[in-house]
Ligand SMILES: Cc1cc2nc3c(=O)[nH]c(=O)nc-3n(C[C@H](O)[C@H](O)[C@H](O)COP(=O)(O)OP(=O)(O)OC[C@H]3O[C@@H](n4cnc5c(N)ncnc54)[C@H](O)[C@@H]3O)c2cc1C
């Protein structure tokens, strides 16, 4: 009996999850909770509150998610929204940065009903009266009830739960995934926009986003004015955005962008002129014209050792909208990799 347990322990596969953003941390949590026979370690150079999701608006709404079929987006959306609704029902939802939010998505152009519309708690066309409230600029719009997710609150909680289940955390910068060959059996690459350099993947490019975070407790609704402006309340602050500059790696604040965002948001909600600015922030969305990369390959390190690599990056402006769903697909790839690896016990005997 004891021998059996020890043998099983020896056979545990060492899995490294590189990246501690919303994608890496949820992948690690799902892996340790659902895949038997592994030991999981998160390796990352930065952690919350310094990941992309920490500065993001965290509004559940697919955005800048290119190259995926509507069926796939709907499935990932459904799985993630259900996961978030479950969290909302828990007594901990007062501290995990998740809340319900409703409001207006406005457009100058006709808005087709997307396949994921049914995932929102509510999604309906605006009435004439509602449209008139915003003046003449917007001819179309929908009212939605959705969820906001503050990663700066959720990520530390998920990390704690990962560690409580035996997960390890290592702060380390990786230059190439192959440098982990020999140390780990499997690496799951959740490096976001940095996959452009770490893989390196020429399909990944930054989509630069600049935002304000302000104190405006009187703003209770979300407002999206066309493709250019958004006003998204979180628990204690409101996010005003934004920009979407593809190919721009610069994380400095651009004064021009600040002026444009402030003017556009104050036109939508004039009382924002009195909001106190908490901070300005720039983040780089991991854009990929072919959709999030979810694939497997084998990489050989300079020591000649092989390592199984699973890629999980490229969620554009929707990482906080589809993370649980894409992590579900990655679990299937991980199961496959684990089952293909020879048991360590045989290697030990050779
Ligand atoms: C302004 C803005 C607003 C947004 N608003 C929303 C929104 O409302 N809703 C929504 O769904 N999405 C939104 N997004 C998009 C969302 O934030 C991203 O899709 C998501 O955060 C990407 O998560 P990630 O874990 O892939 O990347 P990241 O959060 O960037 O994490 C990557 C991780 O990998 C680590 N890493 C990278 N390279 C290395 C290396 N070489 N060695 C070790 N570690 C490494 C990093 O330290 C980090 O921990 C927004 C983004 C921006 C910029």
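Remarks
- Any hit, segment 89-96, residues being touching a strand residue (DSSP E or B) at 6+ places or on another chain (Cβ under 8 Å) and within 20 Å of residue 322 (Cβ to Cβ): no
- Of all residues in segment 51-71 being surrounded by fewer than 19 Cβ atoms within 10 Å (Cβ to Cβ) and outside any loop (DSSP other than H, G, I, E, B), the one that is nearest to the ligand (Cβ to nearest atom): 70
- Remark: residue 112 falls outside the filter, which requires a residue to be more than 25 Å from residue 211 (Cα to Cα) and within 16 Å of the ligand (Cβ to nearest atom).
- Among the residues listed as 75, 65, the single one being within 17 Å of the chain's Cα centre (by Cα) and modelled with pLDDT of 95 or more: 75
- Residue in segment 89-101 that is over 14 Å from residue 154 (Cα atoms) and within 16 Å of the ligand (Cβ to nearest atom) present: yes
- Hey, residue 218 more than 13 Å from the ligand (Cβ to nearest atom), in contact with a strand residue (DSSP E or B) (Cβ under 8 Å, 6 or more places away or on another chain), at pLDDT 95 or above and over 17 Å from residue 147 (Cα atoms) or not: no
- Residue in segment 164-183 that is at pLDDT 95 or above and more than 30 Å from residue 45 (Cβ to Cβ) present: no
- Considering residues of segment 35-49 that are more than 7 Å from the ligand (Cβ to nearest atom) and within 15 Å of the chain's Cα centre (by Cα) only, the residue surrounded by the most Cβ atoms within 10 Å (Cβ to Cβ): 48
- Residue list for segment 223-252, restricted to those being under 14 Å from residue 278 (Cβ atoms), within 12 Å of the ligand (Cβ to nearest atom) and assigned to a loop (DSSP other than H, G, I, E, B): 234
- Unmet requirement for residue 186, which otherwise passes all of (1) under 30 Å from residue 57 (Cβ atoms); (2) crowded, with 23+ Cβ neighbours inside 10 Å: (1)
- Taken residue by residue, segment 258-265 has at least one member that is modelled with pLDDT of 95 or more, surrounded by 18 or more Cβ atoms within 10 Å (Cβ to Cβ) and within 14 Å of the ligand (Cβ to nearest atom).
- For segment 150-169, the set of residues classified as touching a helix residue (DSSP H, G or I) at 6+ places or on another chain (Cβ under 6 Å) and either surrounded by fewer than 17 Cβ atoms within 10 Å (Cβ to Cβ) or without any contact (Cβ under 8 Å) to a residue 40 or more places away in the chain (or both) consists of 165 only.
- Residue in segment 1-34 that is surrounded by the most Cβ atoms within 10 Å (Cβ to Cβ), counting only those that are modelled with pLDDT of 95 or more and part of a loop (DSSP other than H, G, I, E, B): 21
The values are calculated or read from the model by the stated rules, or taken from the named source; none is laboratory data. Keep in mind it's a predicted model, so treat the numbers as computed, not measured. Every residue, glycine as well, gets a Cβ built from its backbone with ideal geometry; the counts of neighbours run over all protein chains shown.
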